[in-house]
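Structure, as structure tokens:
The values are calculated or read from the model by the stated rules, or taken from the named source; none is laboratory data. For clarity, every value in this text was computed on a predicted model and none was experimentally measured. Please note: Cβ atoms are built from the backbone with ideal geometry, for glycine as well, and neighbour counts cover all protein chains shown.
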Amino acid sequence: MIYWLATHFETFWRDHGLWTYVNVFRYQTFRTSMAVLTSFLIMMLIAPRIVLVLLRLRVGSSVDFDQEKINELYATKRSTPSMGGLIIVIALLVATILWADIGNFYVFLGMLTVVWLGALGFVDDYLKMVAKSRGGLRSWEKFVFQIGLAVILGAFLWKHSCPEVRLPPSVGFEELGRALPLSLPFWKHPIALTLPLFMIVSVAVVAGTSNAVNLADGMDGLASGAMAIVTMVFLGVTYVAGRVDYSMYLLFPHVPGAGELSVYCGAILGAVLGFLWFNCHPARVFMGDTGSLPLGGAIGLVALVIRQEVLLFIVGGVFVMEAFSVVLQVAYFKLSGGRRIFLMSPIHHHFQLKGWTETQTVVRFWLIGAICAAVALATLKLR
């Protein structure tokens, strides 16, 4: 909105001698910083009020675990309101609309992702915690909507990005034609993805990241802190991908217009940090599916746009651990006739049962996330 006002009324600002002051709103770096601050301040202003409303509505978690010790540890959390992700979605969207170029195609897809998955998570949380019917949406029902969004995003990106994505001449070609590159760490030559392969990658990334963040949302501050680390990395990487000079130097795919997603990432970062203020131990509110699904889907979309899906796999190591621990546990349980690899999954509960306190587990997982981020950033130069 502010970017649109600054650029579309440039003549007016110049005629009145104000362009020197208004010109700053054209710069992505400034607008990204303002998006971080705006979404953070919105969270600080509205979160206490919404938390009080959720408390009055008794919107609390009613999940029972199959380990009695975990049930005992989490008994005091049953009165803590959930569905706090609604605050994240509001802050994120308002900051994006204010500071991003809302006419940018990728920003539009980002807002679509947040609204779509936010609505899906809201319905699931509402059925579980307010209506108290069915235990929420069934897994296959959520997966259908996640796949549907991924297919829509993949189709739009394929049509829009194929003619635009450019690669440095040193990797062997500048234009891919009817294919999109899949960047690999430590290797300067990307893999060319045809439409069927790209659609598979789109579904895996969007559905996978949204569910992985959802699985990590099981301890005070765990998901929000880890998401802040991932978002900070992608905030910088999207800016680089949108700059032809930086992307060519680092042997990145250059995606014209993708730099505007750095403002979008700034809005995500501010919202997540603001939520962490209230979600750190002892948490006053949980994000629920209303927050975890859109956050995961949003960062997955960013990775798809800038062609850095493998980088997301590295920098989001905490979420990968959480998701794979569940997959391995379920698969091994079925194949072995009831035996387990971990004491409990997701894996943060395994360490809790091993004797780690909740705070120890969360902080150590944050440290793992920071190390994964450092490794991911190192791969950008080592090609």
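Check region 75-86 and report whether any residue there is surrounded by fewer than 21 Cβ atoms within 10 Å (Cβ to Cβ), modelled with pLDDT of 80 or more, under 27 Å from the mean Cα position of the chain (by Cα) and hydroxyl-bearing (Ser, Thr, Tyr). No: region 75-86 contains no residue that is surrounded by fewer than 21 Cβ atoms within 10 Å (Cβ to Cβ), modelled with pLDDT of 80 or more, under 27 Å from the mean Cα position of the chain (by Cα) and hydroxyl-bearing (Ser, Thr, Tyr). Checking every residue in region 53-63 against the condition of being assigned to a helix (DSSP H, G or I), at pLDDT 90 or above and buried (at least 16 other Cβ atoms within 10 Å of the Cβ) gives zero matches. Criterion first (closer than 30 Å to Leu55 by Cβ, in contact with a Gly (Cβ under 7 Å, 6 or more places away or on another chain) and buried (at least 24 other Cβ atoms within 10 Å of the Cβ)) does Val272 satisfy it? No.
Within region 94-146, the residues that satisfy the criterion of being of a type in the set (D, E, K, R), touching a residue at least 60 places away in the same chain (Cβ under 8 Å) and not in a helix (DSSP H, G or I) are Asp101, Lys132. Among the residues of region 342-365, are any β-branched (Val, Ile, Thr), touching a Pro at 6+ places or on another chain (Cβ under 6 Å), surrounded by fewer than 18 Cβ atoms within 10 Å (Cβ to Cβ) and farther than 30 Å from Gly259 by Cβ? So far as region 342-365 goes, no, none of its residues is β-branched (Val, Ile, Thr), touching a Pro at 6+ places or on another chain (Cβ under 6 Å), surrounded by fewer than 18 Cβ atoms within 10 Å (Cβ to Cβ) and farther than 30 Å from Gly259 by Cβ.
When Val326 is tested against (1) modelled with pLDDT under 95; (2) farther than 29 Å from Phe186 by Cβ; (3) surrounded by fewer than 24 Cβ atoms within 10 Å (Cβ to Cβ), only condition (2) is not met. What residue, among those in region 11-31 that are at pLDDT below 85 and touching a helix residue (DSSP H, G or I) at 6+ places or on another chain (Cβ under 7 Å), is surrounded by the fewest Cβ atoms within 10 Å (Cβ to Cβ)? Ranking the candidates gives Trp19 first. Remark: pairs (first residue in region 4-30, more than 19 Å from Ile97 (Cβ to Cβ); second residue surrounded by 13 or more Cβ atoms within 10 Å (Cβ to Cβ) and among the acidic types (Asp, Glu); Cβ separation under 8 Å; 6+ apart in sequence or on different chains) = Trp19/Glu10. The residues of region 116-158 that are among the small types (Gly, Ala, Ser) and closer than 19 Å to Leu57 by Cβ, listed by number, are Gly118, Ala119, Gly121, Ala131, Ser133, Gly135, Gly136.
So if I check each of Tyr239, Tyr249, Tyr264, which one is at negative phi, out of contact with any helix residue (DSSP H, G or I) (no Cβ under 6 Å at 6 or more places or on another chain) and among the hydroxyl-bearing types (Ser, Thr, Tyr)? It is Tyr249. Would it be correct to say that Leu293 is farther than 19 Å from Asp125 by Cβ and touching a residue at least 12 places away in the same chain (Cβ under 8 Å)? No: the conditions fail for Leu293.
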